[in-house]
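Structure first, commentary second.
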Amino acid sequence: MKIFIDTANINEIEQALELGACDGVTTNPTLLAKEKGNPDDIYRAICERVQGPVCAEAISLEKKDIIQEGENLAAIADNMVVKIPASKDGLKAVRILESQGIRCNVTLVFSPMQALLAAKAGASFICPFVGRLDDASHDGMELIEQITHIYQNYLMNTEIMVASIRSVTHVRDAAMIGADIATIPLKVIEKLTDHPLTDKGIELFIRDWEKVQKQF
Ligand code: G3P
């Protein structure tokens, strides 16, 4: 499973790169609002630093405006991917942009039928939001299972990018189900290596190594 980092912060991206956990980047307007600077400059800097896809969200609501915004975003760099919400106008814009060779990521996906239509529109990626479904007392990972099943039934190539990840368990479940990508905030990426038995084991080995050293 590929790991993307869900951030617009270049320092966080550097940390994920160092850990080998940055196959790509997703941003959204909320993440951009936490950063200083012009969004296009931020996207440019991220695209220069990261080889994989970098997703930037179009915020227009009507098809023609989404297409225009998508074309502008795609012109920033070759690895730019346009995130477009799973609305009717959004999916119509995805069909046009993908036919022009601009990769799209259909975001704010909360149902299997949105995922099916996104794939039929030719989306390169979809982002189902598992954490927000869990927050609303639904089962986010069940949606990933359903979409995976549907895409397998019809040999659909759209990549499933699990988003709105809140925990290590979400990441594990995404990998168990066979999702293509998980886009993860840095605080969860950092927890992926944590285990109390690893810490305890390191402490024990250090103590025992000191005993070995004392013998010589
Ligand atoms: O990038 C979109 C998604 O990951 C947002 O997550 O935590 O705002 O639901 P969250």
**Complete:** Subset of region 125-147, residues within 15 Å of T183 (Cα to Cα) and not β-branched (V, I, T), comes to F125, C127, P128, F129, G131, R132, G140, M141
**Fill in**
Those residues of region 52-78 which are in a loop (DSSP other than H, G, I, E, B) and of a type in the set (D, E) amount to E62, D78
**Message:** Among the residues in region 122-134, are any over 28 Å from E98 (Cβ atoms) and either within 10 Å of the ligand (Cβ to nearest atom) or without any contact (Cβ under 8 Å) to a residue 24 or more places away in the chain (or both)?
**Reply:** yes
**Item:** Residue in region 34-44 that is buried (at least 23 other Cβ atoms within 10 Å of the Cβ) and closer than 30 Å to T193 by Cα present
**Value:** no
**Item:** Complete set of residues in region 180-216 that are of a type in the set (G, A, S) and closer than 27 Å to N11 by Cα
**Value:** A182
**Prompt:** Somewhere in region 176-191, is a residue surrounded by 13 or more Cβ atoms within 10 Å (Cβ to Cβ), free of Cβ contacts under 8 Å to residues at least 40 places away in the same chain and β-branched (V, I, T)?
**Reply:** yes
**Item:** Hits in region 61-114 - residues which are surrounded by fewer than 18 Cβ atoms within 10 Å (Cβ to Cβ), among the charged types (D, E, K, R) and either at pLDDT below 95 or in contact with an Asp or Glu (Cβ under 8 Å, 6 or more places away or on another chain) (or both)
**Value:** E62, D89
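Yes/no per residue for (1) within 16 Å of the ligand (Cβ to nearest atom); (2) more than 30 Å from I66 (Cα to Cα); (3) outside any helix (DSSP H, G or I):
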{"site": "G101", "(1), (2), (3)": "no, no, yes"}
{"site": "H170", "(1), (2), (3)": "yes, yes, no"}
{"site": "M176", "(1), (2), (3)": "no, yes, no"}
{"site": "I189", "(1), (2), (3)": "yes, yes, no"}
{"site": "T193", "(1), (2), (3)": "no, yes, yes"}
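Take A136 and decide whether it is crowded, with 20+ Cβ neighbours inside 10 Å and not basic (K, R).
Working: crowded, with 20+ Cβ neighbours inside 10 Å: no; not basic (K, R): yes.
Criteria not met by A136.
Considering only region 7-31, state which residues are part of a helix (DSSP H, G or I), of a type in the set (V, I, T) and within 14 Å of the chain's Cα centre (by Cα).
I13, the sole residue that qualifies.
Quick one: count up the residues across region 1-22 that are acidic (D, E) and under 23 Å from P85 (Cβ atoms).
So the count comes out to 1.
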**Prompt:** Somewhere in region 32-51, is a residue closer than 20 Å to I160 by Cα, within 16 Å of the ligand (Cβ to nearest atom) and either in contact (Cβ under 8 Å) with a residue 40 or more places away in the chain or in a helix (DSSP H, G or I) (or both)?
**Reply:** no
**Complete:** Within region 103-124, residues being assigned to a helix (DSSP H, G or I) and on the phi > 0 side of the Ramachandran plot number 0
**Complete:** In region 141-166, anything in a loop (DSSP other than H, G, I, E, B) and within 11 Å of the ligand (Cβ to nearest atom) is listed as S164, I165, R166
**Asked** Taking the condition within 16 Å of the ligand (Cβ to nearest atom) and within 17 Å of the chain's Cα centre (by Cα), does H138 pass?
**Response** no
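The values are calculated or read from the model by the stated rules, or taken from the named source; none is laboratory data. What you are looking at is a predicted structure, and each value in this text was computed from that prediction instead of being measured. Backbone-built Cβ (ideal geometry, glycine too); neighbour counts: all protein chains shown.
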